[in-house]
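Input: one structure, supplied below.
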Number of protein chains: 2
Amino acid sequence: MDRRSLVRSAGLASVLAAGVAPAVHAQATIRWRLASSFPKSLDTLWGVSETLSKKLSEMSGGKFQLSVHPAGELVPAFGVIDVVQKGSIEVTHTAPYYFTGKDTTFALASGIPFGFNARQMSAWMIQGNGRKLMNEFFATYDMVSFDGGHTGTQMGGWYRKPIKSLADLKGLKIRLGGGLVGEIMSKLGAVPQSIPGGEIYVALEKGTLDAVEWIGPHDDLKLGFYKVAPHYYYPGWWEGDAHGNILVNTKAWGSLPAEYKAMFESACAYASKEALAKYDALNPVALKQLAANRAQIQAFPQSVMDAAFKATMEVYADLDAKNPAWRKIYADMRAFQRDQLLWFRFAESRYDQYMATRKL
Amino acid sequence: MDRRSLVRSAGLASVLAAGVAPAVHAQATIRWRLASSFPKSLDTLWGVSETLSKKLSEMSGGKFQLSVHPAGELVPAFGVIDVVQKGSIEVTHTAPYYFTGKDTTFALASGIPFGFNARQMSAWMIQGNGRKLMNEFFATYDMVSFDGGHTGTQMGGWYRKPIKSLADLKGLKIRLGGGLVGEIMSKLGAVPQSIPGGEIYVALEKGTLDAVEWIGPHDDLKLGFYKVAPHYYYPGWWEGDAHGNILVNTKAWGSLPAEYKAMFESACAYASKEALAKYDALNPVALKQLAANRAQIQAFPQSVMDAAFKATMEVYADLDAKNPAWRKIYADMRAFQRDQLLWFRFAESRYDQYMATRKL
């Protein structure tokens, strides 16, 4: 804030003229807008924006106002990057892998097939080079990124018929989420479909669609896919985690007083922890309901996992060859992941595996 | 910016000198002290206090000052609860399981043997009843608790000789951390030792101590135990996670302006995420160094795990019978854990297990 606008905003000109000084605020009121890629119905993801806004207001005594808007209210779900880049909206909450059409490198900020789990992604972003490298990339889109939550490992979707081997993916008409999975599924013989969210259920019912990937039990239950495509597979090998990003226009960020910058960063961490906690608390409740509704919960066969892994590595080799921005960040991410996988093999995995066998 | 510099910078000094009322602060300066249970040498845990202090200062423009003090500087590591309860120090950062001597219920705030992993603990605290129930308990000690970090699953410690079966625990002189593990290890035949941290290495070297449990690779490497007790076991079944708590005197908390309360809560979340990310990033690096130094990294035998599990459940049954505060919170924790274990068995575990087998 510059001095003149402070004086103006405090309305001092007229007061001074009259000879009395009013109270002076430490900070002027900031009004920003956030356009989310998520609808309100995805309450956990949408909740990140609401919590961020609430915390900013509380911390600033109501002086940092962030009005939050679900997908479609100000701009469409996939229009959010353009408006933040332009600066007509200051903030978005999105999953960057929606924007691989602009540059595949976007995907690395939210997670790639056979990438990190939530804890590992968090470690790379916070303590590794993840946030730093992604922000160098985002700077070319006039944006800076912050922690916007994690989903944890997602489910692999709903299928009308069982997937017993790779042959069952041939010609499979599947509706997929963002990122690189479409290209990989195509290599495996599936035929990814573009179809609006609201039309999925009917398409599955009619059989014009064979399968759909959504998120996990909590979000999936609401849409009722178990009624028309009861084979529910895990894991979503293309989403060991989906990391939400809060993206802010660089110029808007630069204009923010230091106190508000610190508030923003901490509020993002708070909202992020809350989102993952919500998913972890809500998913088992929904999973039990799905099981009660005869969803057939089953693991992808090893052969399908292995074929998917192989196809994925081929896609990454291609990307390494043709996209330098991708190659640089991907190399750093994989080096970090190798260490993570090494460490998680010991105490963490053994503990989790042991607990999975206990009756409590 | 404080009032005086604001007024000066606005060039108002002369106006005020002419008889105009001064500006009014949005917030007065708050000066609190934090006594940590952790020494600076445990840089990751100690770092929670430093980050909290830094973020509070940044968010408040220097008006919320938290001076942070490592164990022993103001009060001993295990004296922190008493001074915060009295209100002579406003804040501590500690692991509540150090205080099971006061009441075993303390342990539930940081984690118990065969309890949650870090993500599950976070979910219980934030989205389950964990923080709420623990705060009802902490209120009887005139304290309120906040998120103070996670270690992740710890290692099971350093042993001079291999642990091949339960028989190898008989008479084993072991130095253990906080919480209930001492009682459980005693049931298994071991003889827990009280010995100051600085004397452990020499005692292991001389053989007056057979084993020591510390934290994980990053913290353990610094102490060099691998040289004198090279058998390094996992997992630390008594610490699937150790959750740090920031505890604030209730009266001090009540006196805090709403803005500062919100800043405090968000800064805790930020510091907590950072601490776990640090452990996850640093542990694999240290693990590789330990392996290069010929640490014998190995899993506890299944029979030892099973005996420990059985002994632990007996201890919990006893506690349920004699401590109503424990019983109430433990029941809630276990119900939540059952759901967590159910859900983690599917997408999350399968994904982690698959990734553990990949060459990247």
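Going by amide H atoms built from the backbone, whose H comes under 5 Å of the H on residue B:143, apart from near neighbours?
Hits under the 5 Å cutoff: B:250.
May I pose another question? For the pairing of chain B with chain A, what total accessible surface becomes buried, with a 1.4 angstrom probe, in square angstrom to the nearest 100?
8000
Let me ask you something else. Quick one: helix A:347-356 against the long Cα principal axis of chain A, what's the angle to the nearest 10°, folded into 0 to 90?
For helix A:347-356, the angle is close to 60 degrees.
Equivalent-ellipsoid semi-axes (√(5λ), Cα gyration tensor) for the stretch A:320-360, whole Å, largest first?
Semi-axes (√(5λ), whole Å): 35, 10, 5.
Could you give the dipole magnitude of the stretch B:186-242 about its Cα centre, charging the beta-carbon of Lys and Arg +1 and that of Asp and Glu -1, in debye to the nearest 20?
180
Next up: Tilt of helix B:43-59 relative to the longest C-alpha principal axis of chain B, in degrees (0 to 90, nearest 10)?
20
Please identify which residues in the stretch B:202-233 have an amide N closer than 15 Å to a label point set 7 Å out from the Cα of residue B:299, following the Cα→Cβ vector.
B:233
Can you give the accessible area of residue B:310 in Å² (nearest 10), computed on protein heavy atoms with a 1.4 Å probe?
The value for residue B:310 is about 130 Å².
Sticking with this one: With the radius of gyration and the Kirkwood radius both derived from the Cα set of chain B, what is their ratio Rg to Rh?
Here the Rg-to-Rh quotient is 1.04.
Short version: what are the Cα gyration tensor semi-axes of the stretch A:38-193, square root of 5 times each eigenvalue, largest first, in whole Å?
After diagonalising the Cα gyration tensor, the semi-axes are 31, 18, 16 Å.
So if I place +1 on the C-beta of Lys and Arg and -1 on the C-beta of Asp and Glu, and nothing else carries charge, what would the dipole magnitude of the protein assembly as shown be about its Cα centre? I want it in debye, nearest 20.
Dipole magnitude for the protein assembly as shown comes out near 160 debye.
In whole Hz, with x marking every Gly and Pro, tabulate ³J(HN,Hα) for the stretch B:150-160 from phi via Karplus 6.51 cos²θ - 1.76 cosθ + 1.60, θ = phi - 60°.
9, 9, x, 5, 8, 7, x, x, 10, 10, 5
Could you sort out which of A:40/B:132; A:273/A:359; A:63/B:54; A:86/B:278; A:161/A:328 sit more than 32 Å apart by Cα distance in this structure?
A:86/B:278; A:161/A:328
How much FRET efficiency would the formula 1/(1 + (r/R0)^6) give for residue A:205 and residue A:139, where r is the Cβ-Cβ distance and R0 is 30 Å, rounded to 0.05?
0.05
Please report, in Å, the Rg and the Dmax of the stretch B:29-111, where both are computed over Cα atoms only.
Over the stretch B:29-111's Cα set, Rg and Dmax evaluate to 13.1, 40 Å.
Another question, if that's okay. Apply the Karplus curve 6.51 cos²θ - 1.76 cosθ + 1.60, θ = phi - 60°, to the phi angles in the stretch A:128-140 and return the couplings in whole Hz, x for Gly and Pro.
x, 8, x, 5, 4, 5, 5, 5, 5, 5, 4, 4, 6
Over chain A, average the accessible area per residue using a 1.4 Å probe and give it in Å², no decimals.
37
Near the amide H of residue B:300, under 5 Å away, which other amide H atoms are found, from residues 5 or more places off or on another chain, if H is placed in the peptide plane?
B:234
Could you state the orientation-averaged shadow area of the convex hull built on the Cα atoms of the stretch A:291-337, in nm² to one decimal?
For the stretch A:291-337, the mean projected area of the Cα convex hull comes to 5.2 nm².
Something else about it: Note the direction-averaged projected area, equal to a quarter of the hull surface, for the Cα convex hull of the stretch B:211-264, in nm².
6.1
Then there is this: With labels modelled as points extended 7 Å from the Cα through the Cβ direction, what inter-label distance (nm, one decimal) is found for residue A:356 paired with residue A:103?
3.8
I've got another one for you. Which percent of the accessible heavy-atom area of chain B goes to carbon and sulfur, probe 1.4 angstrom?
Carbon-and-sulfur percentage of accessible area, whole number: 53.
Now for a different question. Using only the Cα atoms of the stretch A:86-172, what are the Rg and Dmax in Å?
16.3, 49
Using the alpha carbons of the stretch A:232-325, what is the convex hull volume per residue in cubic angstrom, as a whole number?
137
Want the number for residue B:255 to residue B:289: 0.36 nm per residue separation, take away the alpha-carbon distance, what's left?
Stretched fully, the residue B:255-residue B:289 segment lengthens by 7.4 nm.
Given a cut-off of under 8 Å on Cα pairs at least six residues apart, what relative contact order in percent is computed for chain B?
Normalised by residue count, the contact order of chain B is 22 percent.
If the elastic network links every pair of Cα atoms under 10 Å, which of A:203, A:77, A:95 fluctuates the most in the Gaussian network model of chain A?
Of A:203, A:77, A:95, the Gaussian network model singles out A:203 as fluctuating most.
While we're on this one: To the nearest 10 degrees, how steep is helix A:258-292 against the longest Cα principal axis of chain A, on a 0 to 90 scale?
Tilt of helix A:258-292: around 30 degrees.
Hey, can you list the residues from the stretch A:57-78 whose accessible area shrinks by 30 Å² or more with all protein chains present, relative to the chain by itself (probe 1.4 Å, no ligands or nucleic acids)?
A:58, A:59
Let me ask you something else. Nearest 500 deg cm²/dmol is fine: what mean residue ellipticity at 222 nm does chain A get from its DSSP H runs of n ≥ 4 alone, each adding -39,500 (n - 2.57), divided by its residue count?
-14500 deg cm²/dmol
Sort shortest first the distances from residue A:76 to its counterpart in every other copy, using label points 7 Å along the Cα-to-beta-carbon line, and give them in nm.
Nearest to farthest, the other copies are at 6.8 nm.
Using a 1.4 angstrom probe on the protein heavy atoms only, line up A:306, B:318 by accessible area, largest first.
Listed by decreasing accessible area, they come as B:318, A:306.
In what sequence, largest accessible area first, do B:278, B:206 appear using a 1.4 Å probe?
Order by accessible area, largest first: B:206, B:278.
Right, here's the next one. Return the ratio Rg/(2.2 N^0.38 Å) for the protein assembly as shown, where Rg is computed over Cα atoms only.
Its radius of gyration relative to the 2.2 N^0.38 Å reference: 1.00.
So what is the orientation-averaged projected area of the stretch B:277-360, using the convex hull of its C-alpha atoms, in nm²?
So the Cα hull casts an average projection of 8.7 nm².
Continuing with the same structure: Heads up, I need the accessible area for residue A:69: 1.4 angstrom probe, whole protein in place, Å², nearest 10.
So the heavy atoms of residue A:69 present about 30 Å² to solvent.
Keeping all protein chains in the complex and leaving out DNA, RNA and ligands, what accessible area do you get for residue B:29 with a 1.4 Å probe, in Å² to the nearest 10?
Accessible area, nearest 10 Å²: 70 Å².
The values are calculated or read from the model by the stated rules, or taken from the named source; none is laboratory data. All values reported here derive from a predicted model rather than from experimental measurement. Don't worry about glycine lacking a Cβ; one is built from the backbone with ideal geometry, like all the others, and counts go over all protein chains shown. For the accessible areas, the whole protein counts, side chains as well, though only heavy atoms, and no ligand, DNA or RNA atoms are used. Shrake-Rupley method; radii C 1.70, N 1.55, O 1.52, S 1.80 Å.
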